[in-house]
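Colleague: Let me begin by handing over the structure; questions about it come next.
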Amino acid sequence: MKVRLPLAFALLLAGCDPRSDAGPVVVSTIGGEVALADPARGALDHGNRVLLDATAQGLVRFDAAGQIEPGLAERWIVIDHGMSYLFRLREAEWADGDKVTADEVVASLRRQIAPGSRNALLPFLSAIDQIVARTPEVIEVELKRPRPDLLKLFAQPELALFRTHRPGGSGPFRLTDGPHGHVLLRPAFDPRRSPDDDVAKPGPQDNVELIGERASRAIARFVLHQSDLVSGGTAADWPLLAAAGVAPANRRIDPAMGLFGWAVVDRSGFLADAANRAAVARAIDRQAIVAAFGTTWPTTNQILPEALDSATPPAQPAWATVPAATTANPVATWRAAHPGDIRLRLAVPAGPGGTLVFGLTAANLHTLGIIADRVAWDASADLRLIDAVAPYDSARWYLATACQLCSPEAQTALDGARDAPTMALRAQHLAEADAALASDVAFIPIAQPLRWSLVSLRLKQWQPNARAWHPLNRLRGPTN
């Protein structure tokens with residue numbers, strides 16, 4: 001008689017078997033199907049960013065620890081008091097074997113930062129004045145204003161260098177045909193290597209099979225030993241792990257830095273008054289939200305994690321420091337002047353984690369007599385859940401991302417920071433913007449972003465990092 005095991009029990013048994021170290025590394029990225037996409041045409045989802053980083057590369061890249069390493073540039077120097085970056089290009093080939101030239105690198109970068117580009121990083125690249133080829137091997141990036149964190153932006157997949165007329169980059173992998181719905185990546189040949197070098201030819205175990213799929217399928221594939229890595233996990237899908245039987249040794253959480261909280265995106269009605277926004281911020285039980293996810297996840301009341309390049313420590317909002325019992329009840333005041341229900345539309349991402357955050361926030365708002373309605377993340381809303389990892393370590397990214405809809409004072413300070421001719425003046429404007437956003441209650445922080453992966457033990461080079469970024473050529477070990 002054939003015995004049918006419940007799915008959960010079958011998955012648990014599968015988790016007890018060791019993984020084979022043979023064959024390609026199979027990676028599931030959470031999201032839609034992966035395909036090469038141009039960042040100049042709009043924001044990329046996680047899987048497409050991973051694929052672009054693997055098949056193309058910027059002047060620099062992130063390594064396994066989230067630190068800067070050479071990409072197309074083998075070395076670089078910063079001159080003229082931080083106003084100019086000189087990059088010397090290494091010998092490299094495009095996917096079709098053509099040699100990479102400085103002129104093509106310049107053209108690719110210019111296209112990503114040109115007016116009309118929809119590159120997600122464009123708002124943070126306004127300090128670039130011009131990009132020019134100085135010699136066939138050297139390019140120069142000239143700035144209008146100093147930017148010490150420029151390399152971290154250049155390492156992002158959004159600034160990977162590739163050609164549009166013959167799609168392909170010069171990254172560590174080449175795209176080949178894979179199984180249906182999957183992408184197969186093979187290590188690229190290094191043009192600096194002599195044919196006579198005694199180097200082992202890459203084998204099947206050096207390939208990567210890349211899959212884009214929803215979180216539930218990715219988790220099931222991993223537990224059934226059909227993949228080695230699940231990448232791109234967020235708070236939205238974390239609760240799915242509870243019943244999946246994933247061994248604790250395979251669950252990895254990045255110490256990601258960024259924003260996770262409610263952005264005010266409609267300042268009409270009840271949310272037009274900063275006192276009402278402060279009442280909402282005070283009512284949210286951050287510890288309860290984090291506890292519901294059952295993992296270590298730092299909560300916060302402030303927008304900036306630390307001073308970064310601001311002139312002062314992070315601003316502490318008054319609602320977080322003044323006891324509610326000592327202040328007037330703005331909700332009661334509002335209700336007296338505006339009879340009827342108070343309703344707020346909360347935009348959250350799909351997934352059980354989004355449901356948890358919405359449900360707990362809605363319960364907190366109920367204590368104020370406010371009715372919360374859930375809407376899709378991209379729908380018209382009053383509050384929208386922002387869950388984003390910082391691409392670089394500047395207060396301006398945090399404040400500009402939090403300032404979805406903020407006061408004229410905050411926006412003026414942010415614009416001043418963007419255009420400041422010196423780092424000292426920029427730091428002062430950032431401090432002003434931070435204080436203005438805290439006073440205005442334009443963003444309601446909850447915690448740092450939750451980023452997780454499922455990692456097989458064969459991926460010995462995988463490391464948690466603050467960027468929550470894990471390049472495909474930095475997974476298995478030295479052979480990568």
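The values are calculated or read from the model by the stated rules, or taken from the named source; none is laboratory data. Computed from a prediction, not measured in an experiment: that's the story for all the values here. Every residue, glycine among them, receives a Cβ derived from its backbone with ideal geometry; neighbour counts consider all protein chains shown. All accessible areas refer to the heavy atoms of the entire protein, side chains included, with ligands and DNA or RNA removed. Shrake-Rupley method; radii C 1.70, N 1.55, O 1.52, S 1.80 Å.
Colleague: How much length, in nm to one decimal, is gained on full extension between Glu74 and Arg345, taken as 0.36 nm per residue of separation minus their Cα-Cα distance?
Modeller: My answer for the length gained is 92.6 nm.
Colleague: How much accessible surface does Thr412 have with a 1.4 Å probe, in Å² rounded to 10?
Modeller: Taking all protein chains as shown, Thr412 has close to 90 Å².
Colleague: Percent antiparallel among DSSP beta bridges with both residues in the chain, to the nearest 5? Don't skip to the end; give the middle numbers.
Modeller: Numbers: 52 of 70 bridges.
That works out to approximately 75 percent antiparallel.
Colleague: Under the rule of -39500 (n - 2.57) per DSSP H run of 4 or more residues, summed and divided by the residues of the chain, what mean residue ellipticity at 222 nm is obtained, to the nearest 500 deg cm²/dmol?
Modeller: Values: 13 runs with 127 residues, N = 480.
Theoretical 222 nm ellipticity from helices: -7500 deg cm²/dmol.
Colleague: Using +1 at the C-beta of Lys and Arg and -1 at the C-beta of Asp and Glu, which of Gly294, Leu308, Ala256 has the Cα lying farthest in the positive direction of the dipole of the stretch 253-319?
Modeller: Selected residue: Gly294.
Colleague: Roughly speaking, what is the stretch gain from Ile113 to Thr312, that is 0.36 nm per residue apart minus the C-alpha to C-alpha distance, in nm to one decimal? Show your work: numbers first, answer last.
Modeller: Details: separation 199, 0.36 × 199 = 71.64 nm, distance 3.09 nm.
Full extension from Ile113 to Thr312 adds 68.5 nm.
Colleague: Suppose the chain between Gln463 and Thr321 were pulled fully straight at 0.36 nm per residue; how much longer would it get relative to their current alpha carbon spacing?
Modeller: 47.4 nm
Colleague: Still on this structure, I have one more. Please report how many Lys pairs in the chain have alpha carbons closer than 28 angstrom, counting only residues at least 8 apart along the chain or sitting on separate chains. Write down the numbers at each step before the final one.
Modeller: Numbers: Lys99/Lys152; Lys99/Lys201; Lys144/Lys152; Lys152/Lys460; Lys201/Lys460.
Eligible lysine pairs with Cα atoms under 28 Å apart amount to 5.
Colleague: On a 0 to 90° scale, report how tilted helix 274-283 is relative to the longest principal axis of the chain, with both axes built from alpha carbons and the result rounded to the nearest 10.
Modeller: 70
Colleague: Another one. For the ranges 56-62, 313-319, 170-176, what's the packing order if you count other beta-carbon atoms within 10 Å of each residue, average per peptide, and put the highest first?
Modeller: 56-62, 170-176, 313-319
Colleague: Taking the Cα of Met423, stepping 7 Å toward and past its beta carbon, and measuring to each backbone N in the stretch 146-169: which are under 13 Å?
Modeller: So the set is 146-151.
Colleague: Here is a further query. Can you give me the distance in nm between label points at Leu36 and Lys99, each placed 7 Å from the Cα along the Cα-to-Cβ direction?
Modeller: A separation of 2.2 nm, rounded to one decimal place.
Colleague: Order the peptides 441-453, 278-290, 94-106 from the highest to the lowest mean number of other Cβ atoms within 10 Å of their residues.
Modeller: In decreasing order of mean packing, 441-453, 278-290, 94-106 become 441-453, 278-290, 94-106.
Colleague: Calculate one ³J(HN,Hα) per residue across the stretch 342-351 by plugging θ = phi - 60° into the Karplus curve 6.51 cos²θ - 1.76 cosθ + 1.60, and present them in order as whole Hz with x for glycine and proline.
Modeller: Per residue, the Karplus-derived 3J(HN,Hα) values read 9, 10, 10, 8, 10, 8, 10, x, 5, x Hz.
Colleague: Using a 1.4 angstrom probe, figure out how much accessible area the chain has per residue, in square angstrom, rounded to the nearest whole.
Modeller: On the way: 21000 Å² over 480 residues.
Per residue, the chain has 44 Å² of solvent-accessible surface.
Colleague: Here's another thing I want to ask about it. Measure nothing but the geometry: give the 0 to 90° angle between the long axis through the Cα atoms of 408-419 and the longest principal axis through the Cα atoms of the chain, rounded to 10°.
Modeller: 30
Colleague: From the phi of every residue in the stretch 385-396, what ³J(HN,Hα) in whole Hz does the Karplus formula 6.51 cos²θ - 1.76 cosθ + 1.60 yield, where θ is phi - 60° and glycine or proline is x?
Modeller: So the J values, rounded to whole Hz, are 6, 9, 9, 9, 8, 5, x, 8, 9, 10, 4, 5.
Colleague: Hey, rough spin-label estimate for Asp129 and Leu405, points 7 angstrom out along Cα→Cβ, what's it come to in nanometres?
Modeller: 3.9
Colleague: Starting at the first residue of the stretch 26-39, write each ³J(HN,Hα) from the Karplus equation 6.51 cos²θ - 1.76 cosθ + 1.60 with θ = phi - 60°, in whole Hz, x for Gly and Pro.
Modeller: Couplings: 9, 10, 9, 9, 6, x, x, 4, 8, 7, 5, 9, 8, x Hz.
Colleague: Moving on to the next point. Could you work out Rg/(2.2 N^0.38 Å) for the chain, with Rg from alpha carbons only?
Modeller: Here the answer is 1.06, to two decimals.
Colleague: Would you please put 66-72, 363-369 in order of how densely packed they are, using the mean number of other Cβ atoms within 10 angstrom per residue and starting with the highest?
Modeller: 66-72, 363-369
Colleague: Can you grab the distance from the C-alpha centre of the stretch 401-480 to the C-alpha centre of the stretch 239-264, Å, no decimals?
Modeller: Each part reduced to its Cα centre gives a spacing of 18 Å.
Colleague: Follow-up question, since we're still on this one. Name the long-range amide H neighbours of Arg61: under 5 Å, sequence gap of 5 or more, or other chain; modelled H, no Pro or chain starts.
Modeller: It is Glu69, Gly71, by chain and number.
Colleague: State, to one decimal in nm, how far the label point of His225 lies from the label point of His180, with both points 7 Å from Cα in the Cβ direction.
Modeller: 2.5
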